[in-house]
Amino acid sequence: MFAWLKSFASPKELSKAGVLGMNRRNFDIISQYNPRCLYPLVDDKVKTKELANKIGISTPRLIGIIEYQYEAKNILDIIHGQKEFVIKPAQGSGGKGVLVIKDYQEEGHFFTTASGRQLAYNEVYQHISNILSGLYSLGGKYDTAIVEELVHFSDIFKDYSYQGVPDVRVIVYKGYPAMAMTRLPTKASGGRANLHQGAIGVGLDISNGKALHGVCRDIPITIQPDTGADLMKIEVPYWREHLLIGALAYEMTGLGYLGADIVLDARRGPMMLELNARPGLAIQIANGIGLKNCLKEIDKSYPSGLSAEERVDFVLNKRAK
Amino acid sequence: MLKKIASVRGILSIFLFLSIIYAGYCIYYKVEYWGFHFTPKQTANIWSIEAHISFEPTGEPIKVSLTTPRSNDSFKVLEENTIAEGYKISKNKTASRLIMTSPAREELQDIYYKILLFDNTDSRGKTKSAAPATPEAPIFDEQKLAAAKQLLKLAQAREGDPVSQIIRLLNEEPMHPAVQAYLPVKTTQKIMVEIISDLLALKKIPSQIARGFKLQESKKSLSPDLMIEAYTNGSWRIYDIKTGKKGIPDNFVLFQRGGQSLIDVEGGENSVIKFSVLKSITSSMKLAGQRAKLLNQEDRFQYSIYNLPLAQQNTLKWLSIFPLAILMIVLMRNVIGLQTMGTFTPMLLAMSLIKTGFWPGMLCFAIIMTLGLLIRFVMSKFNLLLVPRISAVVIFVILIMQSLTIIGYQLDFHIAQSAVFFPIIIMSWIIERASITWEEDGALNACREIIFSLVVAIATYFVISSEYIRHIMFAFNELNLVVLFMVMLLGTYTGYRLMELKRFRPLVKK
């Protein structure tokens, strides 16, 4: 009769496992370390990109931006000479409103999306118009559309994801990479790397980028359901560079608690896609461990005043021991 | 960091504590002095009684002495007004008589005495009062004493308590020969009361006369009816002198308890006293002002909600339930952890459900949502811009509501008519959000959001639909302060949400 109760953990058990809850994240961490005035730096991807380039974080190359409805028709000029690109809202969240064009035929204006869907010009125009009118932005305010280069993600993820762009999310606390996972799009997630849409989350060892634990829709898994690949064999290359992007993002924004979304480009290495001032808590499930103890340790014993590189090395050495 | 939280929490806790104390005091005050009740629709019987005294002066100085009602727990005089031009009015409090004096006059005299009586039926007969002195036995000659004793003996065979027994015996049809012999040829109510009183005195039961009025719609001028009040088992109980029935009959208002004559007029003749009685049922809140007046606390009452015009009171009554609904939302989101569409959307839905009624509202909501979503899906093919699209949805929702109302009226199906109470813009946004979520995150997430929103709305509905809770939140509006600090204190809650206990279950090591 009370079997359903078993699907609930007691607060004590969770606390013991070091799980960080939403309320505590908002109250103890975000409201303490992320001053609201810094949000615009990460909410607007155009701004984030500019800042990142200044500080030396590589990002996908910006092809063009469209700010006003009357400029929407300029899209054809902007993409002139481009074969493939991504159109996305500057203030979108959770991968909403991202249109990936794999193949663009200038003659006749045929667009092919990542999922192979054929789009006509007016459909793309419509999409841009939707972005500008704020359909995908937080609070529905007017937005800017960004056109940027398409990331050619590294082959190492090829077997693990179904379409879309797999990425690595690094949680950075006070400048120290604290936890990481890779998010792999599935058929169910519609090619998007969002866990709540059905993407797979695989927790990564912060010291070496190796898979720890996999989860899909909050259920532990070890095999990618679409491709059958063994998730536990994932080992993200250029791990130090990944962590360095996260550490630099702290310098760049001043946010004490942030999530850096990083993609691994086959030619250009790790590139930062976007930053998040309120990263979700699902990463704990993907890693199979709570975040609270980890943050506590950083509070307690990690030195302050180190440079980004020193912090990354500190993390790599510490965990390796 | 920890210290800071502790202090914020500490301050809020202190405020919460203070607000509870303040609310507690106000509740006590309102119940005690303004007569507020914890239950809604509590009405109090207010009687407006007007006595019209007229007499012809005889040319001597005039002195009119009128009995007045005596206030006690169950019986309060709220307002007293005397219209007696040129008379000097004084009050004899111990005998509770109103004395009006004037030099000699000539023409026909009219004096009006008007009171507003509050008759607390709840505490009737429950009021204990100090035992009156044992009545002196009436002075009877031997023959009469024997007859009286025979009557008392006979009475014992009748049903009821001793007082009813006597009354029943005296009123029996056909009359017992012993009764017939005892009673005078012509009896009036007054004589009857005296006889009963004498018989009771023989049994050492204290009794007194009571005057009151049987309210009759058709009659405007009344003469008072007499009843007898006897002291038994530690309290005064009132008896009908015709039937011996205990207690005050329905639609009967007591005017005078105990005391002597109703009116004495010196310096006048052919005096006539006529009463008109009006019963009005008012809520205990309306009565509060009168009570405050009696206690010389008008200022405090004047600046309260309850002194406002009724229309404004109703609006404020509606508003004063909002904080509780908001508290529900905070609990649902931050403690339970249900993700809803928009923060206060469920609350607004709950508010609509109150106006429509639960099932009609749910049905209407389902119809509007289904049709709205269908239309929205068709519309998504047109690739409209955001603002025109949402505007189109708004218009569609209005059209759906119109048709529902018309169809409902024609089919005499009142459920559908409640459609108009749903907030149009909110409904449109729910439809828009749902369809976007549907497209972006799949049907599963969209349905989950709708269902969670509904669950929160329903839970909120059940809290705020209770007439009882609504009444309490309005009558004791200081409770809103308590809710405020509860909400603020919840803002410092950093524990797990209920849904997280399930979500993070896999993280617990076995």
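No value in this document is a laboratory result; all are computed from the given coordinates. For clarity, every value in this text was computed on a predicted model and none was experimentally measured. For neighbour counting, all protein chains shown are included, and Cβ atoms are generated from backbone atoms with ideal geometry for every residue, glycine included.
What to note about this one:
- The simple spin-label model puts a point 7 Å past each Cα toward its Cβ; for residue B:99 and residue B:112 those points are separated by 2.6 nm.
- Taking the number of Cβ atoms within 10 Å of each Cβ as an exposure proxy, the fewest-first ranking of A:67, B:229 is A:67, B:229.
- Entries of A:47/A:141; B:149/B:242; B:149/B:203 with Cα pairs more than 19 Å apart: B:149/B:242
- Highest to lowest packing among B:56-67, B:136-147, A:226-237, A:278-289, scored as the average C-beta count within 10 Å: A:278-289, B:56-67, A:226-237, B:136-147
- Cα-Cα over 19 Å, subset of B:93/B:114; A:174/A:300; B:91/B:190; A:174/B:502; B:93/B:274: B:91/B:190; A:174/B:502; B:93/B:274
- Remark: the residue B:140-residue B:336 segment gains 62.3 nm on full extension, using 0.36 nm per residue and subtracting the alpha carbon distance.
- With a Förster radius of 51 Å applied to the C-beta separation of residue A:223 and residue B:355, the computed FRET efficiency comes to 0.45.
- Taking N as the residue count of segment B:316-477, its C-alpha radius of gyration divided by 2.2 N^0.38 Å amounts to 1.08.
- Nearest-0.05 FRET efficiency for residue B:316 and residue B:424, computed from C-beta distance (R0 22 Å): 0.35
- Take each residue of peptide B:188-196, count the partner chain Cβ atoms within 10 Å of its Cβ, and average: the result is 0.
- Here residue A:83 and residue B:28 are evaluated by their C-beta separation; at R0 = 60 Å the FRET efficiency comes out at 0.15.
- Under 17 Å from residue A:158, Cα to Cα: aspartates and glutamates that are on another chain or at least 8 residues apart: A:167, A:226, A:230, A:235, A:265
- Residue exposure proxy: B:37, A:80, A:242, ordered by other Cβ atoms within 10 angstrom of their Cβ from fewest to most, comes out as A:80, B:37, A:242.
- Crossing angle, helix A:121-132 versus chain A [Cα axis fit, 0-90 degrees, rounded to tens]: 50 degrees
- For the peptide B:434-442, the mean number of other protein chain Cβ atoms found within 10 angstrom of a residue's Cβ is 3.
- Helix A:45-55 vs. chain A, principal-axis angle (Cα, 0 to 90°, nearest 10): 70 degrees
- Computed over the alpha-carbon pairs of segment A:61-149, the distance histogram in 10 Å steps reads 19, 55, 25, 1 percent, short to long.
- For chain A, the Rg and Dmax computed from alpha carbons only, in angstrom: 19.9, 66
- C-alpha long axis of helix A:239-253 to longest principal axis of chain A, angle in °: 80 degrees
- Semi-axis lengths, Å, the protein assembly as shown, gyration tensor of Cα atoms, sqrt of 5 times eigenvalues: 86, 30, 25
- Only aspartates and glutamates eight or more places from residue A:12 in sequence, or on another chain, were considered; those with a Cα closer than 15 Å are B:500.
- Between residue B:194 and residue B:276, full extension at 0.36 nm per residue minus the direct alpha carbon distance yields a gain of 26.9 nm.
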